[in-house]
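Reading through the structure tokens given below for one structure.
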Amino acid sequence: MLNSLPIVLVPGLACSPRIYEPQIPSLWRQGAVLVANHARGGDMAAIARRILAEAPLRFSLAGHSMGGYIVFEMFRQAPERISRLAFLNTSARPEMPELTEKRRVMINEVKQGGYRAVMDRLFANFVHPALARDEHLHRIVLDMADDVGPDAFVWQLEAISGRIDSRPTLAKIKCPTLVLTSDTDSMMPPDASSEIANGIPGAKLVTIQDCGHLTQLEKPQAVTDALLDWLEM
């Protein structure tokens, strides 16, 4: 057994447990797996508190994209409960004003009934250009969007916009840490992951080649292998 502690996985924006479906069987063989519910209202601090209240006493913790922002907040609130950390395609930086404005436009469109149109546009940015017409991946993204629903999607956008700067937290992280990124992520530039890895003592940086933002689905075996290695760190 690589890891006897439970593993908590936090999905990203508009993502549900389906995002980790390719990895769960292999991770489950190493310990119990819990996919956190981040689709209930509140700011980042409130979302983190709710997940911590439902999580095991001590656990390994991984977050993808928005899930990484939540992981930073969970660590700030309860570092003693977390045995190891993994940040997948995420950033420690706060929201930029120009992105906040784009999210406001998106929120207004969703509230006017444009949720499906928003998700169709996001899909093109989520995946590697070679997969932009992949109907199977597109279906998974739309199914995850249905799992989350438009109301929770709006809450998530608002929480993302209000997140704090997690860069001062980096040097405080002493547990084994994986930072995973991909070379063609148009949603989260690889240098944001490099910044996290450089700021955490002993962190391991893994870059998945020919891959977009949805690494778990686009390159499932590479991500599974990286997570299994993480459990050995």
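The values are calculated or read from the model by the stated rules, or taken from the named source; none is laboratory data. Source: prediction; values computed, not measured. Please note: Cβ atoms are built from the backbone with ideal geometry, for glycine as well, and neighbour counts cover all protein chains shown. Areas reflect the complete protein model, heavy atoms only, side chains present, ligands, DNA and RNA absent. Shrake-Rupley method; radii C 1.70, N 1.55, O 1.52, S 1.80 Å.
Details
- Filtered residues of the range 90-119 (kept if at pLDDT 95 or above and acidic (Asp, Glu)): Glu109
- Selection of the range 194-223 for residues being open to solvent by less than 20 Å² (accessible area, probe 1.4 Å), in contact with a Leu (Cβ under 8 Å, 6 or more places away or on another chain) and either among the β-branched types (Val, Ile, Thr) or in contact (Cβ under 8 Å) with a residue 24 or more places away in the chain (or both) yields Ile196, Ile200, Ile208, Gly212, Leu214, Thr215, Gln216, Val223.
- Residue count for the range 1-38 satisfying the condition of being modelled with pLDDT under 95, open to solvent by less than 40 Å² (accessible area, probe 1.4 Å) and small (Gly, Ala, Ser): 1.
- Thr184 vs. criteria in contact (Cβ under 8 Å) with a residue 24 or more places away in the chain and touching a Leu at 6+ places or on another chain (Cβ under 9 Å): no
For (1) open to solvent by less than 40 Å² (accessible area, probe 1.4 Å); (2) aliphatic (A, V, I, L, M); (3) within 19 Å of Asp165 (Cβ to Cβ), each residue gets a yes or a no:
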{"position": "Gly63", "(1), (2), (3)": "yes, no, yes"}
{"position": "Met66", "(1), (2), (3)": "yes, yes, yes"}
{"position": "Val71", "(1), (2), (3)": "yes, yes, yes"}
{"position": "Arg81", "(1), (2), (3)": "no, no, no"}
{"position": "Leu85", "(1), (2), (3)": "yes, yes, yes"}
{"position": "Glu98", "(1), (2), (3)": "no, no, yes"}
{"position": "Val105", "(1), (2), (3)": "no, yes, no"}
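- Residues in the range 118-156 that are in contact (Cβ under 8 Å) with a residue 40 or more places away in the chain, farther than 24 Å from Arg104 by Cβ and buried (at least 17 other Cβ atoms within 10 Å of the Cβ): Val127, His128, Leu131, Leu137, Ile140.
- Residue check for Ala171: hydrophobic (A, V, I, L, M, F, W, C), open to solvent by 10 Å² or more (accessible area, probe 1.4 Å) and farther than 25 Å from Leu27 by Cβ: yes
- Residue that is nearest to the chain's Cα centre (by Cα), among those in the range 46-56 that are within 30 Å of Pro220 (Cβ to Cβ) and either open to solvent by 30 Å² or more (accessible area, probe 1.4 Å) or at pLDDT below 95 (or both): Arg50
- Scanning the range 35-49 for residues that are more than 10 Å from Ile70 (Cβ to Cβ) and out of contact with any strand residue (DSSP E or B) (no Cβ under 7 Å at 6 or more places or on another chain) yields Asn37, Ala39, Arg40, Gly41, Gly42, Asp43, Ala46, Arg49.
- Test for Val110: is it surrounded by fewer than 21 Cβ atoms within 10 Å (Cβ to Cβ) and either more than 16 Å from Ile51 (Cα to Cα) or without any contact (Cβ under 8 Å) to a residue 60 or more places away in the chain (or both): yes
- Answer from Ala152, Ala171, Ala117, Ala132 - the residue that is under 19 Å from Phe75 (Cβ atoms) and not aromatic (Phe, Trp, Tyr): Ala171
- Ala159 vs. criteria among the hydrophobic types (A, V, I, L, M, F, W, C) and open to solvent by less than 10 Å² (accessible area, probe 1.4 Å): yes
- Scanning the range 119-153 for residues that are among the β-branched types (Val, Ile, Thr) and either over 19 Å from the mean Cα position of the chain (by Cα) or not in a helix (DSSP H, G or I) (or both) turns up just one, Val127.
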